[in-house]
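The values are calculated or read from the model by the stated rules, or taken from the named source; none is laboratory data. Since we're looking at a predicted model, the values are computed, not measured. For neighbour counting, all protein chains shown are included, and Cβ atoms are generated from backbone atoms with ideal geometry for every residue, glycine included.
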Ligand code: 13P
């Protein structure tokens, strides 16, 4: 393993002023997004959609890396240029989702376990040869009465650490993503306590598996009440709680932290990132690795129609720029409205 090279990639992925586009929806997940815009989930449509994002000239300067789904890594654009080459030409590092989704953990009382470790050591060199320089693995932690169980939490943290070690040996930077879901009715105190437990366990397992923290990117969820909770915290409180938690759990050796959006609204995800960065200086740069919070607007603008490509690219550029400003603590609600009017 060449740790300096891994560290340089992780540092580039999380450099302030840029962030990661998570465009790695599985075929079934992108199908749900396409359903919402009455677009058929065909290979051609998935390719056209992702190609329009990667060709968005006004957006890509704000994008340090793009997480791809396996299919996209091998696809070529309309004129035959591999999509990976489009990303490289735009200065974005290609990455690949390597987990294979989640299934119920036996005896897990509802806990899920992420699949995909079998054969991963053999898959990684192929991804590297195709241009991928980082990978993603998402562990899902759901909060419900009696959940997560320690067994579920431990199994997920262990799998994340095993994946991360395999990636580093293949000279690929692992994005370590433990996502505490915001679907439930839990309050922010519960979100804090569970996320703390998860991060403590994840870093313990990374240590046991010999993962070099200098060569990872952490992709956490923010500390936020469940969507069904009647009492929602302010932006300032979410920022303050999340930063407090990260300081207590994430060693300074980690080169950068890139958040998931997890179902927050576009502007909420931006506002939270901005508020956290403004609490700095912090031991690590904070940026975005958003899926929905970057893509909901372009998807609506596109609607599956070629004549809407420019509008979709403009919508993507707007969100990318707002989040890039947030990663530097330079965003404001006024700027958001002003930019939207132009
Ligand atoms: P969201 O920002 O939509 O949560 O997606 C990010 C991601 O990569 C989830 O695994």
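What to note about this one:
Residue by residue, here is whether (1) surrounded by fewer than 16 Cβ atoms within 10 Å (Cβ to Cβ); (2) within 16 Å of the ligand (Cβ to nearest atom); (3) within 18 Å of residue 25 (Cβ to Cβ) holds:
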site	(1), (2), (3)
58	yes, no, no
80	yes, no, no
90	no, no, no
94	no, yes, yes
102	no, yes, yes
129	yes, no, no
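- Residue in region 67-75 that is within 15 Å of the chain's Cα centre (by Cα) and either part of a strand (DSSP E or B) or away from the ligand (no atom under 14 Å from the Cβ) (or both) present: yes
- Residues of region 35-50 satisfying the condition of being more than 20 Å from the chain's Cα centre (by Cα) and either within 14 Å of the ligand (Cβ to nearest atom) or touching a residue at least 40 places away in the same chain (Cβ under 8 Å) (or both): 36, 37, 38, 39, 40, 45, 48
- Of all residues in region 9-26 being under 19 Å from residue 124 (Cβ atoms) and more than 16 Å from the ligand (Cβ to nearest atom), the one that is surrounded by the fewest Cβ atoms within 10 Å (Cβ to Cβ): 9
- If you go through region 293-318 and keep only what is touching a strand residue (DSSP E or B) at 6+ places or on another chain (Cβ under 9 Å), farther than 30 Å from residue 252 by Cβ and either within 12 Å of the ligand (Cβ to nearest atom) or not in a helix (DSSP H, G or I) (or both), you end up with just 295.
- Some residue of region 241-261 being outside any helix (DSSP H, G or I), in contact with a helix residue (DSSP H, G or I) (Cβ under 8 Å, 6 or more places away or on another chain), surrounded by fewer than 19 Cβ atoms within 10 Å (Cβ to Cβ) and at pLDDT 95 or above: yes
- Scanning region 273-292 for residues that are in a helix (DSSP H, G or I) and over 12 Å from residue 328 (Cα atoms) returns a single hit, 292.
- Matching entry among 29, 72 (being surrounded by 16 or more Cβ atoms within 10 Å (Cβ to Cβ) and modelled with pLDDT of 95 or more): 72
- Counted residues, region 140-161 - those being assigned to a helix (DSSP H, G or I), closer than 20 Å to residue 186 by Cβ and either in contact with a strand residue (DSSP E or B) (Cβ under 6 Å, 6 or more places away or on another chain) or in contact (Cβ under 8 Å) with a residue 60 or more places away in the chain (or both): 1
- A single entry from 313, 295 fulfils the requirement of being farther than 15 Å from residue 267 by Cβ, crowded, with 21+ Cβ neighbours inside 10 Å and touching a residue at least 12 places away in the same chain (Cβ under 8 Å): 313.
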